[in-house]
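The values are calculated or read from the model by the stated rules, or taken from the named source; none is laboratory data. Bear in mind the structure is a predicted one, so any value in this text is a computation, not a measurement. Because the Cβ atoms are built from the backbone with ideal geometry, glycine has one as well, and the counts that use them run over all protein chains shown. Surface accessibility is based on the protein's heavy atoms, side chains included, excluding ligands, DNA and RNA. Shrake-Rupley method; radii C 1.70, N 1.55, O 1.52, S 1.80 Å.
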Amino acid sequence: MTAFSQRLSAQRLTATLLIVFLAACETVDSPLPGRVGYEDGSRPAPAEETSEPVVLVPREKIPGLDPIDAVLFEPVEEALAQGDWVAASMAMPVPVGTSGGVLADAESAGEAPEGDAQKSIARTSDSVAATPTSLDLWIDYYHARIHGARGDLRVEQEGRSALLNQALPVDLFERLQTDLLAQSRLRGDTRGRFTRALALDETNRDDEKRPQLEIELWQAAQDVVAHSAGPIDGDLAKPWLELASIAAQSSAAASVEALDRWIARYPQHAAAERADSLRAAALRDAQTQELVLLLPLSGNLERAGEALSNGFLAAYYEDQPAGLSVSVMDSRRFDTMEDAYATLAERSNSVLIGPLGKRQVGEISAIAKSELPVLTLNRPEGKTVISESTLQLSLAPEDEAQQLAASAYARGARRVLLLRPQGIWGDRMEEALLSRWNELGGASMQRGVFNQASTYSDVIKASLGIGESSARSLVIRRLFEPKVETQERRRQDLDAIFLLCKSSEEARALKPLINYHYAGDLPVYALSTADTGSNNAAINRDLNGLLFLSMPWRTGELPPGLSEDTSGSFAALHALGADAYALARRWWRVHSQAAPGFSGLTASLQPDGAALQRRLKLATFEGGAIAAP
């Protein structure tokens with residue numbers, strides 16, 4: 001072989017190797033591009049919010065799905081319940097022809113793929129139907145759901161909108177409205193949630209479903225009032241919204257008067273029992289004469305107790321209620337919470353607020369009695385017996401982790417990376433987030449665990465697969481003379497990143513590193529712990545583009561007595577103290593059968609047994625300032 005032939009063979013081999021590697025590692029002739037996500041405007045636009053038209057009643061009662069046809073969709077439903085849109089697609093029936101008929105398997109239909117999961121429908125008539133059959137409509141419905149499971153929200157919305165704009169059988173209408181109600185709840189669409197719950201309540205004829213529908217309606221009506229979602233006209237909506245407005249009043253005496261008028265107007269309404277329960281509870285709230293605050297005012301939790309106490313007292317002095325006093329006691333004065341409760345239990349017409357430590361909360365939650373009801377400021381660890389005279393208020397991050405999973409899923413994320421700290425706190429947050437993510441049908445989650453700040457970059461780089469990209473780049477550079485410039489690439493199979501941080505300091509260190517490692521185009525979701533609690537743009541700019549759960553006080557007025565200079569966890573505890581005061585004044589109403597929610601400074605709170613579940617709004621930072629996503 002001549003020297004020329006040897007050179008030619010070597011060049012062909014090099015070209016072949018280049019083709020193999022180019023798919024995994026992109027080569028460029030121009031200088032390497034900069035990382036994205038900095039203040040050059042390269043951050044991607046957030047996902048567009050979607051909403052479907054609200055139709056309150058079916059336009060026409062066309063026949064429902066034939067039972068023999070309904071069997072076809074069972075494997076589709078099972079696959080969607082597991083979040084497996086591929087299996088659901090494979091199981092979908094394929095219409096053959098244009099109008100009703102009998103079932104045939106894939107082999108006899110001829111056009112369907114082979115396999116037991118795939119069925120087809122053989123049409124017996126050659127005529128074209130003027131309107132779609134019930135079976136056609138159900139096929140369209142499941143196609144829309146499959147797109148939603150994939151995360152293609154635009155196509156899902158288009159499919160559902162098309163269905164809502166035509167005649168529907170009642171069973172499909174109810175299923176569609178139920179799905180849309182669940183999506184409205186996930187997206188935080190308060191108006192849509194209420195109108196869809198109202199539509200379902202009006203058309204529902206199943207007595208077993210009615211209690212749950214009325215709970216949904218009641219909670220949705222309160223959200224509409226709390227978030228000023230705008231007027232909703234109609235005789236069906238008016239009683240619910242009026243009752244929700246009364247439940248939002250802080251004054252117990254004013255609530256009793258308003259409830260008397262409501263009950264006189266709507267004596268036969270479905271919410272009449274809730275109104276009666278609310279009225280009886282408001283009378284007990286009106287009798288409350290003392291609020292006893294039991295907090296650690298010395299020891300390891302002194303600063304936290306002081307922040308809570310300051311927020312509570314500031315709200316009390318701003319309110320200046322007649323006939324109501326406040327006592328503040330140091331929980332460390334007592335050896336056990338049984339001693340503390342025994343000392344305070346003789347106080348009539350009082351509410352006890354506290355303690356703060358998880359162990360102490362567990363002790364007092366088990367012994368509280370109606371003579372002295374308790375509003376704790378934390379939740380106990382593990383499984384603890386909770387008395388019926390206990391409500392639990394806390395800044396539990398587990399609630400936020402579950403809500404974060406729902407928020408990301410509602411915005412189209414399906415394949416995600418979880419970054420969280422090493423340790424017990426990170427374990428708890430991962431468990432809470434994953435439980436909700438799996439329930440929604442999200443795909444398996446990749447995970448990266450960080451510890452010391454010196455390892456942040458390495459963890460993110462490895463989690464994004466950039467180490468493998470660097471290795472491929474090195475192989476390519478060794479093959480060529482002169483040297484070829486290569487660009488590292490992150491893994492391309494991700495929709496979003498969950499960044500679970502214990503503090504804002506962690507978030508401000510990690511978010512720029514995510515941008516640096518070529519992932520600034522991915523939505524990054526974080527808990528409220530990522531928020532600095534400050535409006536200082538210089539501090540917040542490292543969080544630009546971060547999607548995080550924001551406490552309501554961060555986008556409204558400062559809590560009473562809170563200084564602009566206060567930031568971080570102590571600002572949140574101050575706001576929690578103010579919420580504790582407002583809840584203590586309405587303890588009996590919140591604890592009643594009506595179980596009204598409360599729109600607080602730290603979250604929207606909804607009773608769930610003894611625990612008050614928190615719901616926050618998704619926000620972002622733009623130019624160092626909080627903005628809507």
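Taking amide H atoms as placed 1.01 Å from N in the peptide plane, list the residues 5 or more away in sequence, or in a different chain, whose amide H sits under 5 Å from that of Ser599.
Placed amide hydrogens put Leu605 under 5 Å from Ser599.
Leaving out ligands, DNA and RNA but keeping every protein chain, what accessible area does Arg175 have, in Å² rounded to the nearest 10, with a 1.4 Å probe?
80 Å²
Tell me, what is the per residue accessible area of the stretch 406-470 in Å², probe radius 1.4 Å? Working shown, then result.
Details: 2830 Å² over 65 residues.
Dividing the accessible area of the stretch 406-470 by its residue count gives 43 Å².
Kindly flag which residue pairs out of Lys358/Lys502; Lys369/Lys502; Lys511/Lys617; Lys369/Lys617; Lys358/Lys511; Lys209/Lys238 have an alpha-carbon separation exceeding 26 Å in this structure.
Values: Lys358/Lys502 18 Å; Lys369/Lys502 35 Å; Lys511/Lys617 20 Å; Lys369/Lys617 35 Å; Lys358/Lys511 31 Å; Lys209/Lys238 22 Å.
Too far apart for the 26 Å limit: Lys369/Lys502; Lys369/Lys617; Lys358/Lys511.
Between rounded, prolate and oblate, where does the stretch 152-310 land on the alpha carbon gyration tensor, with a ≥ b ≥ c its root eigenvalues, rounded for a/c under 1.5, else prolate if a/b exceeds b/c? Can you show the working numbers first?
On the way: a/c = 2.89, a/b = 1.55, b/c = 1.87.
The shape class here is oblate.
Tell me the net charge near Thr343. Cut-off is 13 Å between Cβ atoms, Thr343 excluded, with +1 for each Lys or Arg and -1 for each Asp or Glu. Numbers along the way, then the final one.
On the way: positive: Arg333, Arg347; negative: Asp330, Asp335, Glu338, Asp339, Glu346.
For residues surrounding Thr343, the net value is -3.
Rounded, prolate or oblate: pick one for the stretch 255-394, where a ≥ b ≥ c are the square roots of the eigenvalues of its C-alpha gyration tensor, a/c under 1.5 means rounded, and failing that, prolate if a/b is larger than b/c, else oblate. Walk me through the intermediate numbers first.
Details: a/c = 2.33, a/b = 1.72, b/c = 1.35.
Prolate, since a/c reaches 1.5 and a/b exceeds b/c.
Would you mind computing, in nm to one decimal, how far apart the modelled labels at Arg491 and Ala345 are, each placed 7 Å from Cα along Cα→Cβ?
5.6 nm
For the stretch 336-420, which trypsin sites (Lys or Arg not before Pro) are in a loop by DSSP, counting at most 11 other Cβ atoms within 10 Å? All intermediate terms of the calculation are to be shown ahead of the outcome.
Numbers: sites: Arg347, Lys358, Arg359, Lys369, Lys383, Arg411, Arg414, Arg415; in loops: Arg347, Lys383, Arg411, Arg414, Arg415.
In loop regions of the stretch 336-420 (DSSP not H, G, I, E or B), the sparsely surrounded trypsin sites (Lys or Arg not before Pro) are Lys383.
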